[in-house]
1. What's the average, rounded to a whole number, of partner chain beta-carbon atoms within 10 Å of each residue's beta-carbon in B:184-196?
2. Specify which residue in the list B:S313, B:A327, B:V65 is farthest towards the positive end of the charge dipole of chain B, using unit charges on the beta carbon of Lys, Arg (+1) and Asp, Glu (-1), about the Cα centre.
3. What is the average number of partner chain Cβ atoms found within 10 Å of a Cβ in A:45-55?
4. If you plug each phi of region A:186-196 into the Karplus form 6.51 cos²θ - 1.76 cosθ + 1.60 with θ = phi - 60°, what whole-Hz ³J(HN,Hα) values come out, in order, with x for Gly and Pro?
5. Within a 10 angstrom radius of the beta carbon, how do A:R498, B:R69 rank from fewest other beta carbons to most?
6. For region A:203-498, what is the charge dipole size about the Cα centre, in debye to the nearest 20, if Lys and Arg each add +1 at the Cβ and Asp and Glu each add -1 at the Cβ?
7. Over all residues in A:417-429, what is the mean tally of Cβ atoms on other chains that come within 10 Å of each residue's Cβ?
8. For region A:4-169, what class follows from the C-alpha gyration tensor (a ≥ b ≥ c being the square roots of its eigenvalues): rounded when a/c is under 1.5, otherwise prolate if a/b is larger than b/c, else oblate?
Amino acid sequence: MTTVESENPLRVGLRRDRGAEPCTLVIFGASGDLTERKLVPALYNLQLDRLLPSGFAVVGVARREMSDDAFITAMREGTREHSRREMSDENWSEIAGGLSYVATGNNPDDYGNLARHLDDIDRRRGTGGNRLFYLATPPSAFATIVTRLEHAGLHRPGPGGGWARIVLEKPIGHDLSSARELNHTVNQVFAESDVYRIDHYLGKETVQNLLVFRFANAIFEPLWNHKYVDHVQLTVAESIGIEGRGRYYEEAGTTRDMVQNHMFQLLCLTAMEPPVSLAADAIRDEKVKVLQALRPVVADAVGASTVRAQYAAGVIGGEKVPGYLDEPDVARDSRTETYVALSTYVDNWRWAGVPFYLRAGKRMPKRVTEIALRFRDVPHHLFDHASRPNTLALRIQPDEGITLKFDSKAPGPKPRLQPVSMEFRYGTSFGQQPPEAYERLILDAILGDSTLFIRRDEVEASWSHIDALMNVWAAGDGALPRYVSGTWGPDESDAMLRRDGRLWRRL
Amino acid sequence: MGSPFDVEQQLAELWRAASTDEQPVLRACSMNLVVVCDDGERELAATTELVGRIAETVPGRALVVGPPRPNGADALDVYVSAHCHRGAGGAQVCSEQVTIEPSCSTLDRVPGTILQLLVEDLPVYTWWRRRGLDGEPLFDPLAGLSDTWVLNSTGTTRPQPHLESLRALAAREPWPGCVVDLAWVSLEPWRDAIASFFDNPAVRPALGGITRIAISTGGPAAACGATVAGAYLAGWIASRVGLHPEGAVWRREDGGAVALSLSAVSDLEPGEVSAVTIESEHNDARVVFEARSTAARDCVSLVVSAGAHHLPSRRIRLPQFDTAALACGVVQQTGRDAIFESALSAAARIV
């Protein structure tokens, strides 16, 4: 038997084996897209799976004046449109009963109203003073909200005890100094263990499967090093453009939008050493070591090891699309990249001399995220036709799965080699739909499990590397290279790999 | 019947015929599912339908053993078929089924045939859809080749000997396999609801002071009022909070007596739970935790009362399970379920 005092013995072995304590989720930015498209649909699906705690309540907070009913109606429509599973009014009513809305303007007293509202929920729904604050607002509002939460005493648990946690959406800062400043502000109010920085890539099943694939299968880990791996390619390609977000994108660019967070997280999970346990900090300790081992940026080498470019007009899926410079809210002389490729090294024992090639771009021929390990060639070629190196590709999205490419003898009298692939697809082997990333992440935050969230030192280590790159880029001038929309990026990117005697994978 | 090699050839031909260049068929196999049908005219068709639904979630090779035909002479008919559905990305994903139809006189050849047709190195789940275990000629040989033995005790009319047989099977040595009872699996929402009383750490010490557990369930009752579902819930609570029997009395770890009361409700379906009440003495106060099915039987209402003080009641929706959905969940599990085995062991003593 398990100790009654330490954990709930009746929870052990249940599918919902981590019993979440009753709590209130407070969403700042409740009138925004993220809340309607992702957060509330995720909550609906968690409720369907009976994964939310009893008494669970959601308080939407935004500037706009809105009644509870109007908020509930908006969220119901959003859920109907965006839930991965069909919405039924019957199931919706279970979550709707715990929804309410509070408008906050510039008046700090508004947070006093919020505090009283939360106390009232504690009394009515037995949420025990447990609060999870989710900041789904523009990052510029983070510091103000955190400070006002502190002034209203909401950074501490409610009167009945419990806990207070905060979830921050990306981006965490615009560069190293702003990230440090924000982290400092947040950590003055909330302890680091109560801060949950989201990178929704980490909520994806296939990203989590990286750990299982590497550390639960004995056959791959022995090959996972410089002795057998020639190089690693990480690709995050999107077929969409900036989708009307010119103002945001001009400030961000692909490097800040994709590389600093998502791609560096994928890089960390690919390159990290086995953690001593699955505890949050054990995993995050290993991830941060990878970031610390990234080869420092040397200004003179940046030109040869990085490529930035912008998409030009082209055709995607049979439709003409404009070039980046013709998009609304984009400066005609913009030097913001919509494509970036870079070559880097993880300078440690395991990965010595193995290049990691990263590329991310918009208006690529298709949407695909994958990690590919290209293995070294055989030491001696026995056959007339040169064999092709083996490749292990982990597809993150879409068609999540794993492919191993190897050579096989084609039928016939001659030893003719033909590449074949062995495929594992999630959709084929597991009939059920995987949960959305936000479902997993919200649930983990409620449960107090920070494994899939980014720690402060991770954020700052990745910004440190990106800052160094961006400083070199900022010193340059002239227009960026262009690539035609619907292609795999500029020639310069292919040339970067060709110089190393390698090629990008054709996806 | 052809040899197992012939059957494999037939399966290969089936896949060749199903695939075209434009629309290849994706095959996936993550388990062997042996299903032993109960007697009855519609049983084989119903089982095939269930297997098809399971294949949509967990692809594998199904080996379905039809009810023995009394006048089938020496025949052991074996034939192949496929279950296909549209998978992710619109691709057609297929699983295979081998149906084995023995006669009474060829029943003894079934285990050997199954053994030859199992996909190597994949787990073997045997779903025993027949009513009893004892005296069944296929029981012992199939248990020996199974990693997981699945059955459904919901309608059992004699819980005591049945649970005792199951307990003996689960404890069988040497046997690397495990037992899963769908009657137990279907209680998970109730277990979850009951567990939720104690998610709050402040309430948890009440588990150490339990004085009474009362459970009422639907279905055929034993003389003591116990059904399999009731016995499982009582056995689960008892084993998780450390109750132990002392003669006819169940005691807490501190020696205090706990009254166990099981009753059967005749107007409920077998396996349905009507109410679970746990009474506890904690800090000199009597606390009552009551989980009760609502009139529509689609929700469980949770009420906690301490003396005259009642905390706000909560309702949790009960998911509507069917047999295929339950079985799908089971064939995605591997390994022994220690919680079930402890609950089974206690349940067998309670009834």
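1. Counting other chains' Cβ atoms within 10 Å and averaging over B:184-196 gives 4.
2. Value: B:S313.
3. Going residue by residue through A:45-55 and averaging, the value is 3.
4. 5, 6, 6, 9, 10, 5, 4, 5, 9, 9, 10
5. In increasing order of surrounding Cβ atoms, one gets A:R498, B:R69.
6. Numbers: 34 positive and 39 negative charges, 193 e Å.
Around 920 debye, computed over region A:203-498.
7. 3
8. On the way: a/c = 1.79, a/b = 1.13, b/c = 1.59.
Oblate, since a/c reaches 1.5 and b/c is not below a/b.
Quick note: the coordinates plus some simple rules give every number you see, no bench work behind them. It should be emphasised that the depicted structure is a prediction, and the values quoted were computed from it without experimental measurement. In this analysis, Cβ positions are derived from the backbone assuming ideal geometry, glycine residues included, and neighbour counts consider all displayed protein chains.
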